[in-house]
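Here's the structure, in structure tokens; my notes come after.
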Amino acid sequence: MWQRAGVSDYDIRPVDIDERRAVIDTFRVALLSGPVNDETFDSGTASWDDSDALAAWDGDRCVGSVSAFHFDSTIPGGTRVQTAGVTRVGVLPTHTRQGLLTQMMHRMLVESRESGNVLATLHASETSIYRRYGFGLATDAIAARVTTRAAKPWRVGASPGSVRLLSYVDVLDTVPPLYEAVSRWRVGSISRPGWWWKRTLKEATQPTDTPFGKGSFVAVHSDADGVDDGFVFYDVDWDESFATNPVGEGKVRDLWGSTPAVEVELWRFLLDIDLIVSWEAAVRPVDEPVRRAMHDSRAYETRQRMDDQWVRILDVDAAMTARTYGPVDSTVVIEVHDPMFAANCATWTVSSAGSERTDGSADVTVDIATLSAAYLGAVSWNDLASIGAFTASDDVVRRLDALFTVHPTPFCGTGY
């Protein structure tokens, strides 16, 4: 349970432009990396401009940091809410376990709420840290390996449409608006700023400096009417030794379609690329349907299931009233406890018609981390009840799941 840390001797303040390098070096040390070089530091300027950053100072030495990017998140029903994407969280090993991170996180979350953010989200380097601040693990992802030969022939025919490869000079003009157009139906998806695209697509936007070898490409899928409805960003690499069998490897770095069916067609394109014997995909939705269309479903092998995005509801009333709920004849009254924000400590009635504050008696009482975990609809209330996160009757748990669960399963898929 979160508790306010005691007052310390450290100076916690917003980061000035001329302090950024010292702060990023502190963050890198906390994540076991050395100081940043000039090129890497300069390439991150735009991301600093697009964030709210705090740092802790012990005299003239930066000893800790926390930042938040400016995103919006898709929630159930399709509404997008203002979101603080928490990042650059770190404390020097000489200053850990003194309550410093708690002080910085408290201030960042308070100021984020005051700025109008409904949610705070993050990807965790260390997953044991964030529940104490009200975060709940809200979405999962999988890492997959696909064996090309075992996947074919496909069990289903191709849908009408076509695929084209983008020239590297067209990638940055095409992909960012296409992502906004085709991906944001997925609950849990977030906005991607221009600086994010320039960093992520860098290898696909410039010619290579080697004769052969690794290449990075973007392919765009269009429907039967010629309207772009999906894209995949991928790498390929192969050993060009003469007179040997193909041993090419592919890597799926980003794949989105306007529907899961379009995403299947993008996979079909990838698996038809010659010389590639297998594909690795580091972060994919847990319910990706493509394996069911393959000749051998084991061709799509899940290598790891991992936490995707952690969510912390900052404004419960705004969050609960902004999302939609399942079309079922059920009502649940939820009481919320949040030791960080008194305004979040209240009771809400939830039904298929929506959510509103009430003075009625609660069917269930939950802490803010539990509500945050279940909010997007990927984590079942039944699972949370099974581990003792809250106590309620079987009937109440069934009603909660009927109201909150979302399909396809929510997924973020954007690292930051």
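At a glance:
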{"quantity": "DSSP bridge pairs, the chain: antiparallel proportion in percent, nearest 5", "calculated": "85 percent"}
{"quantity": "The stretch 234-291: equivalent-ellipsoid semi-axes (sqrt of 5 x gyration tensor eigenvalues, Cα, Å)", "calculated": "25, 11, 9"}
{"quantity": "SER352-GLU240 FRET efficiency (beta carbon distance; Förster radius 60 Å; 0.05 resolution)", "calculated": "0.55"}
{"quantity": "Protein accessible area in the stretch 141-244, 1.4 Å probe - carbon and sulfur %", "calculated": "55 percent"}
{"quantity": "Point-to-point label distance, THR210-THR174, nm (Cα→Cβ direction, 7 Å offset)", "calculated": "2.5 nm"}
{"quantity": "Fluctuation leader among ALA353, ALA150, ALA342 - the chain, Gaussian network, Cα springs under 10 angstrom", "calculated": "ALA342"}
{"quantity": "Antiparallel bridge percentage (DSSP; both residues within the stretch 289-366; nearest 5)", "calculated": "75 percent"}
{"quantity": "Exposure rule at most 14 other beta-carbon atoms within 10 Å, DSSP loop GluC sites (Glu not before Pro): the chain longest free segment", "calculated": "241-416"}
{"quantity": "Packing rank of 282-288, 314-320, 382-388, where each peptide gets the mean count of other beta carbons within 10 Å, highest leading", "calculated": "314-320, 282-288, 382-388"}
{"quantity": "Whole-number accessible area per residue in Å² for the chain, which is evaluated in the context of all protein chains at 1.4 Å", "calculated": "46 Å²"}
{"quantity": "Net charge, ASN344 excluded, C-beta distance under 10 Å - Lys, Arg +1, Asp, Glu -1", "calculated": "-2"}
{"quantity": "Stretchable slack from SER159 to VAL277, in nm (0.36 nm times residue separation minus alpha-carbon distance)", "calculated": "40.1 nm"}
{"quantity": "Gain upon complete extension [SER361, GLU19; 0.36 nm per residue less C-alpha separation]", "calculated": "118.0 nm"}
{"quantity": "Where only C-alpha atoms are counted, convex hull volume of the chain per residue in Å³", "calculated": "166 Å³"}
{"quantity": "Inter-label distance, nm, simple model (7 Å from Cα along the C-beta direction), HIS70/ALA261", "calculated": "3.9 nm"}
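The values are calculated or read from the model by the stated rules, or taken from the named source; none is laboratory data. Here the structure is a predicted model, which is why all the values come from computation and not from measurement. With ideal geometry, Cβ positions are generated from the backbone for all residues, glycine too; neighbour counts draw on all protein chains shown. The accessibility values were calculated without ligands, DNA or RNA, using every heavy atom of the protein model including side chains. Shrake-Rupley method; radii C 1.70, N 1.55, O 1.52, S 1.80 Å.
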